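Taken together, the values in this text are just the output of simple stated rules run on the coordinates, not laboratory data. This structure is a prediction, so every number in the text was calculated from the model and none was measured. Here Cβ is always computed from backbone atoms with ideal geometry, including for glycine, and neighbour counts include all displayed protein chains.
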Amino acid sequence: MAERIPRGLVVGQAPPLPPESLSSDYKPLQGQPEKRLARLAGLSLDELWAFFDRVDLLGWCPGKKDRKSYHQWSAGYRKHRCDGHRFPLSVARLVAARLRRFGRLERYAVVVLCGRLVAAAFALSLDRCVPWTEEQDGVRFLVLPHPSGVSHFWNDEESWHRAAMVFRSALRAAGLRACQDNLHESTVQTQHHEAELDEENLESLETKTQVPKAKGQVHLGTYA
């Protein structure tokens, strides 16, 4: 078995727009989805992507789903205005199979799959409720609800807290929580060291800029 690296991988479905409509700096799960993932993990965005790589399973946008008649605004439906995007499962399964064969996924501490459709593409068992963890062929998978606002899962506070608990537990089991703690400790130590240097520089500056006192007068130090 390949030695695991202290990083995870997040696998999304597909880009939200055609290539010509994406920004030049587009990254998978950019925007609200990545913010939701970071919040679930208890991390900042910078910390999240310091510990995770990310990829869209499909490299193109399959297009939006057709709106069902009972989801029309005219029918009185008010829950959401978007039904998400198509996801050609047969194609996604081919891509996932190649990723499992050539992507060396077993090196990752954990592979996060965003949504049951992505889990289905990786041939994971779907007889469970999200979120869940599963290990296959040495790959540690964590299946989360898709982090976009289309998922009704996020409308329920209890479900949100359950997903957060499972995500953070998986990070801890994979050793990524320890990496986060080390990063925080290193940051605090660096900030403390910088504060000490600033204090030393200030004392040195005060010494250099003091004006000699004349008899009967008090002169204040001046700073450039």
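General observations
- Quarter of the Cα convex hull surface for segment 133-180, i.e. its orientation-mean projected area (nm²): 4.1 nm²
- With R₀ fixed at 25 Å, the C-beta to C-beta distance from Glu20 to Leu45 puts the FRET efficiency at about 0.40.
- The distance between label points at Gln32 and Arg4 comes to 3.3 nm (points 7 Å beyond Cα on the Cα→Cβ vector).
- Computed label-point distance, nm, for sites Phe102 and Lys64 using a 7 Å Cα→Cβ extension: 3.4 nm
- Three semi-axes describe the equivalent ellipsoid of segment 101-180; taken as square roots of 5 times the Cα gyration tensor eigenvalues and ordered largest first, they are 21, 17, 10 Å.
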